[in-house]
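The values are calculated or read from the model by the stated rules, or taken from the named source; none is laboratory data. Note that the structure is predicted; figures quoted are calculated from it, not measured. Reconstructed Cβ throughout: ideal geometry from the backbone, glycine too, with neighbour counts over all protein chains shown.
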Amino acid sequence: MSETTMHSVGSSPCITHSGEEPMLGADAVQEVLARLARGEGVKALARELGVDRKTVKRWRRLGQWRPRQGRPRPRGVDPYLERLAQRGPEVGWNAVVLHRELQGLGFSGSVQQVRRAIRPRRAEADRVAVATVRYETGPGEQAQVDFGQLRIWIGEGNERVHLFVLTLGYSRRLWVRAYPHEQLSALLDGHERAFRHFGGVPLTCLYDNPRTLVLGRRERDVQWHPVFQDFARYYGYTPRACQPYRARTKGKVESGVKYVKRNALAGRRFVSWDALNTWLEAWISTVADQRVHGTTHERPIDRFVRETLTPLGARAPYRDERAQVRRVPTDALVSIGAARYSVPVQYVGTTVTVQETTTHYAVFAGTVCIARHAKAPRHAVVMDRTHYHGLMHPGGAPLAAGPPQWDPAYQPLGEVMVRDLACYAAVAEEGGDA
């Protein structure tokens, strides 16, 4: 076993391993440099320290202590580093998988060696995965759209509420409305109300691949629902979908959803859905528009002045022209959406068209609206009594058909024969029977 001796320069030690030149510590080197600065000789200091004069001259040339750079020891995994760099991203930097594959190439080391080799690259990949560059859009360029869910007491029921939120990217003004579902009709209605609230339309809207809108992808092309695509063309904006699993690029609206939940609806209860949406509209104008935004450091209502949305002008509300066509059956109940809705009986046997809104169905005969019903659950039967005028008693039962009036074979029993009074007088005079 090697021996270790201690030398000291003043109070600063230096360590000497047997058969080796002493290794000077940082304090020792600083003292040597100070003594050289005072005029002491290199030869005397080298003799005192037991080191070569070149070592003392080297420290004088460097002017400070620096650690000795050891020679890197070769590792068994080093010949495979390029292979790990190429294959690692494809397997999610899974060390077990990479180790198994390297064994097939002749690697005889352990999985721990592979894990240590890929650790820096794996850490970098993790940082990239969670990092999001904040993307600020110019005035009028973009809005972000999303739904958030929350349970709220409405009346006596604890209802699941779906919050449609549209946030303008530049000003951070938002629009929110509550719906009982996230179907296409709710999405279209939410957009339309938001555009009319803001008085205009942005150039693009960004979505998080909702299944009601995105039917699929072909390479980089998004297959939008045809009705939604027609809606976007009608209002003149371009829909865009986030890259799958990269919903963080839609952070503005996701922050808006959290803000609505925590600020507008925390601990609230409403007597009806209408009361809930009335409250949200008031909250938007009195609170959301007026607060100083944490990112822009301006009030959204002030920043909105610089938004350059495309004006709506006199554009009428969107109407899906792909109306459903139905033939009115004999019971005057038209099948719509797995339920049945009444129309006036005089339209039995005719063809009608059905227009759908978020909450209602409207039935048209030509251009005339002949019936309008609120949407009902599946398999329900919805009847308007006025549609059956003349066919129902006031209590609601159908009127019974009257008896036949002209049946020649019908002879009711007990019918009294009607005779002229002169016949009875003649019989009395003759004393006989009539």
### Query
For residue 124, are the conditions met, namely being outside any strand (DSSP E or B) and either farther than 30 Å from residue 306 by Cα or of a type in the set (Ser, Thr, Tyr) (or both)?
yes
### Query
Looking at this structure, is residue 257 assigned by TED's automatic domain parsing to the domain that holds residue 371 and either farther than 19 Å from residue 372 by Cβ or among the aliphatic types (A, V, I, L, M) (or both)?
no
### Task
Report, by residue number, each residue of the range 178-224 that is buried (at least 17 other Cβ atoms within 10 Å of the Cβ) and among the basic types (Lys, Arg).
193
### Query
Could we say that residue 101 is over 20 Å from residue 27 (Cβ atoms), acidic (Asp, Glu) and modelled with pLDDT of 90 or more here?
yes
### Message
Checking the conditions here, which among 169, 148 is in contact (Cβ under 8 Å) with a residue 60 or more places away in the chain and over 29 Å from residue 359 (Cβ atoms)?
### Response
169
### Query
What are the residues in the range 229-251 that are part of a helix (DSSP H, G or I) and at pLDDT 90 or above, if any?
231, 232, 233, 234, 235
